[in-house]
Amino acid sequence: MRRPLAKMPPFIRANDITLVFKSKNRDPVTALNNLSFEIERGEFVSIVGPSGCGKSTFLNMLLGLVRPDSGHMQMNGTPIKGPGQERAMVFQEFGLLPWRTVTANVELGLELKGVAAAQRTQRAMELIKLVGLNGFERHYPHELSGGMKQRVGLARALATEPEVLLMDEPFAALDAQTRDLMQAELLQIWERTKKTVLFVTHSIEEAAYLSDRVIVMTARPGRTKQIIDINLPRPRDYEMRLTPEFNEIKSRIWEVLKEELIPGSRR
Amino acid sequence: MKLKTFCTEHESFILGTGFIVILLALWESVPLWYTLPKGMALFFTTPSKVAAAFQQLLINGEIEKHFYVSAIAFLAGLGLSIVVGLPLGLLMGRSQTLEALLDPYVTSFNASPRIVWLPLMILWFGIGIWSKIVIVFAGAVFPLLINTYAGVKNVNRVLVNVVRSFGANEWQLMKVVVLPNSLPYIIAGLRLAIGRAILGVVVGEFFGSSQGLGYMIASAATNYKVDVVFVGVAIFMALSVILTLAVKQLESRLASWRPETAKTF
Ligand SMILES: Nc1ncnc2c1ncn2[C@@H]1O[C@H](COP(=O)(O)OP(=O)(O)OP(=O)(O)O)[C@@H](O)[C@H]1O
Ligand SMILES: [Mg+2]
């Protein structure tokens with residue numbers, strides 16, 4: 001997955017991103033401070049970091065919903081200036097429209113793009129099948145379990161065929177077993193579709209299991225603290241999590257992250 | 001056994017109508033066990049007399065004539081308030097400029113009783129249909145506008161971000177999230193607006209009309225025709241119930257996706 005030629009620009013590049021939240025009657029909050037990193041096409045990269053360090057804010061920036069105060073974000077050599085169909089997000093709390101059926105939720109992006117009804121329904125059906133929700137096409141979100149809702153969120157993000165999938169703690173609301181299942185399915189889908197994935201999580205295990213690289217962020221204001229390569233063979237399976245190599249990587253991530261979590265231990 | 005299940009299924013209906021029937025029977029029987037003093041008997045009537053008066057007014061076409069006039073003022077005023085209040089509420093909720101521009105007027109008009117405008121309306125528009133339409137409109141537009149506005153303001157931010165992330169423009173945002181998300185508020189506003197519109201019709205016809213159900217009630221009262229007054233009152237009550245049920249029907253149709261409330265003990 002590494003760049004073949006040193007001259008080629010990285011697929012996604014964040015350079016010196018700074019963002020300060022200013023609100024009335026309140027001290028300004030520096031959410032991100034000189035955050036920089038690069039991501040290659042097809043990579044699976046996880047971001048871990050203490051709560052409130054600006055991970056969600058950063059994903060929203062890449063999505064084009066939040067503008068940085070300074071710094072540059074590029075994708076494919078062009079600056080990111082707003083939402084675009086080459087990027088899609090899977091939201092933490094699912095973000096499904098409760099008045100729409102599963103199919104209509106999956107169709108959302110296509111509908112907003114102006115794709116004809118017949119075409120988008122067909123595409124939605126393919127994706128519903130891909131995420132294993134056949135038989136629930138006409139159900140409403142409140143009739144689904146958490147895991148099923150997040151499958152809808154994933155299908156919706158994939159429907160517009162983005163090149164990059166941004167995922168903000170997508171499995172945080174799921175129980176442990178469903179989470180394991182969803183992780184395995186995400187890996188399968190990723191290997192099949194060759195998307196670039198940027199995955200925010202609080203679980204070191206999850207980050208290590210899924211990723212090619214793990215970016216550890218500092219406490220707020222967020223910066224890249226360290227990037228850890230996960231050189232475990234793929235395809236990965238559940239058994240791999242029981243190997244000493246896997247545990248060694250987990251403890252390496254933990255060692256780096258720990259310094260940011262315990263107050264006063266930094267620097 | 002069958003009767004028992006029938007009774008449990010229709011419990012609220014049986015209780016409701018049963019109670020009304022009992023009340024009506026009691027009322028009807030008042031003259032049998034109590035002799036009203038002469039002065040009061042003039043203002044007293046019984047359900048059977050009201051029913052007779054109703055039949056009479058139905059046969060001679062009075063009801064139809066008055067009903068028609070009131071219905072036009074009601075429908076035109078309410079329709080106008082929907083056409084104006086709904087879009088304005090949506091726009092006010094989304095645009096800060098419009099909000100700052102209109103909010104003082106909306107607040108002050110809504111806080112003051114609309115009836116104070118009636119004499120002016122009669123001067124401007126005469127005692128015909130128009131002064132009533134304006135009064136109905138003035139009563140109904142604010143609850144609709146304010147509720148729609150509140151709904152828009154309470155829109156789920158996450159859902160807005162979801163839709164925006166797909167590159168939606170402001171118009172699509174309105175159609176796909178803001179409007180459906182505000183629907184419960186709008187329906188509540190509509191229910192209030194209907195009440196206000198009926199009030200507008202009645203008050204308008206009490207004071208500024210020579211036709212309509214409100215006028216029928218007012219003129220019957222001045223002539224001590226108590227049974228006719230009751231006919232008018234009963235018609236308004238029935239209409240209010242029907243309209244409330246219609247809104248409920250509309251609501252359950254629009255919100256068919258909503259989870260059924262589970263039966264609890
Ligand atoms: N709209 C906003 N206005 C003001 N401050 C904000 C806003 N959104 C986020 N913040 C602040 O910015 C910081 C980063 O928030 P963000 O949601 O990106 O954190 P996070 O890393 O995703 O945290 P978590 O892991 O708990 O989800 C927080 O301190 C938060 O208080
Ligand atoms: Mg977050």
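Within the stretch A:60-71, the set of residues being within 16 Å of ligand 2 (Cβ to nearest atom) and at the interface with chain B (Cβ under 10 Å from one of its Cβ atoms) comprises A:Asn60, A:Leu63, A:Leu65, A:Val66. When the stretch A:72-112 is limited to residues that are within 16 Å of ligand 1 (Cβ to nearest atom) and more than 7 Å from every other protein chain (Cβ to nearest Cβ), the one that is most open to solvent (accessible area, probe 1.4 Å) turns out to be A:Gln92. The condition of being more than 10 Å from chain A (Cβ to nearest Cβ) and without any contact (Cβ under 8 Å) to a residue 40 or more places away in the chain holds for only one of B:Ser219, B:Ser182, B:Ser165, that being B:Ser219. On the stretch given as the stretch B:112-150, residues that are closer than 19 Å to B:Ser95 by Cβ and buried (at least 24 other Cβ atoms within 10 Å of the Cβ) total 6.
Selection over the stretch A:27-66 of residues that are away from ligand 1 (no atom under 12 Å from the Cβ), touching a Leu at 6+ places or on another chain (Cβ under 7 Å) and over 14 Å from B:Ser165 (Cα atoms) gives a count of 4. Taken across the stretch A:159-166, residues that are of a type outside the set (Gly, Ala, Ser) and within 16 Å of ligand 2 (Cβ to nearest atom) do occur, with at least one present.
In the stretch B:32-52 there is at least one residue matching the filter, namely being free of Cβ contacts under 8 Å to residues at least 40 places away in the same chain and among the basic types (Lys, Arg). You will find that of A:Glu191, A:Glu255, the residue that is away from ligand 1 (no atom under 16 Å from the Cβ), free of Cβ contacts under 8 Å to residues at least 24 places away in the same chain and either of a type outside the set (A, V, I, L, M, F, W, C) or more than 24 Å from A:Val20 (Cα to Cα) (or both) is A:Glu255 and no other. Of everything listed in (1) at pLDDT 95 or above; (2) more than 16 Å from ligand 2 (Cβ to nearest atom); (3) more than 14 Å from chain B (Cβ to nearest Cβ); (4) part of a helix (DSSP H, G or I), the single unmet condition for A:Ala207 is (2).
Only one of the numbered conditions (1) within 16 Å of ligand 2 (Cβ to nearest atom); (2) buried (at least 23 other Cβ atoms within 10 Å of the Cβ) is violated by A:Glu260, and that is (2).
Of the residues that make up the stretch A:35-49, is at least one in a loop (DSSP other than H, G, I, E, B) and farther than 26 Å from A:Asn231 by Cα?
Checked the stretch A:35-49: no residue is in a loop (DSSP other than H, G, I, E, B) and farther than 26 Å from A:Asn231 by Cα.
Yes/no per residue for (1) in contact with a helix residue (DSSP H, G or I) (Cβ under 6 Å, 6 or more places away or on another chain); (2) of a type in the set (D, E, K, R):
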| residue | (1), (2) |
| --- | --- |
| A:Glu169 | no, yes |
| A:Thr178 | yes, no |
| A:Arg192 | no, yes |
| A:Asp212 | no, yes |
| A:Ala219 | yes, no |
| A:Thr224 | no, no |
| A:Arg236 | no, yes |
| A:Arg252 | no, yes |
| A:Leu257 | no, no |
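Of all residues in the stretch A:210-220, those satisfying the criterion of being within 15 Å of ligand 2 (Cβ to nearest atom) and either closer than 15 Å to A:Leu186 by Cα or open to solvent by 10 Å² or more (accessible area, probe 1.4 Å) (or both) are A:Ala219, A:Arg220.
Okay, residues lined up against (1) over 17 Å from A:Pro98 (Cα atoms); (2) away from every other protein chain (no Cβ under 14 Å); (3) modelled with pLDDT under 95:
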residue	(1), (2), (3)
A:Gly114	yes, no, yes
A:Glu126	yes, yes, yes
A:Gly146	no, yes, yes
A:Val152	no, no, no
A:Arg156	no, no, no
A:Thr160	yes, no, yes
A:Thr178	yes, yes, yes
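Taken over the stretch A:228-247, residues that are surrounded by 14 or more Cβ atoms within 10 Å (Cβ to Cβ) and either within 16 Å of ligand 1 (Cβ to nearest atom) or outside any helix (DSSP H, G or I) (or both) amount to 4.
Only a single criterion out of (1) in contact with a strand residue (DSSP E or B) (Cβ under 6 Å, 6 or more places away or on another chain); (2) assigned by TED's automatic domain parsing to the domain that holds A:Phe37; (3) away from ligand 2 (no atom under 16 Å from the Cβ) is not satisfied by A:Glu169, namely (3). Here A:Arg41, A:Arg26 are screened, and the one residue that is basic (Lys, Arg), closer than 29 Å to A:Thr193 by Cβ, away from ligand 2 (no atom under 16 Å from the Cβ) and out of contact with any Asp or Glu (no Cβ under 7 Å at 6 or more places or on another chain) is A:Arg41.
The values are calculated or read from the model by the stated rules, or taken from the named source; none is laboratory data. Keep in mind it's a predicted model, so treat the numbers as computed, not measured. FYI the Cβ positions are ideal-geometry reconstructions off the backbone, even for glycines, and counts take in every protein chain you see. Surface accessibility is based on the protein's heavy atoms, side chains included, excluding ligands, DNA and RNA. Shrake-Rupley method; radii C 1.70, N 1.55, O 1.52, S 1.80 Å.
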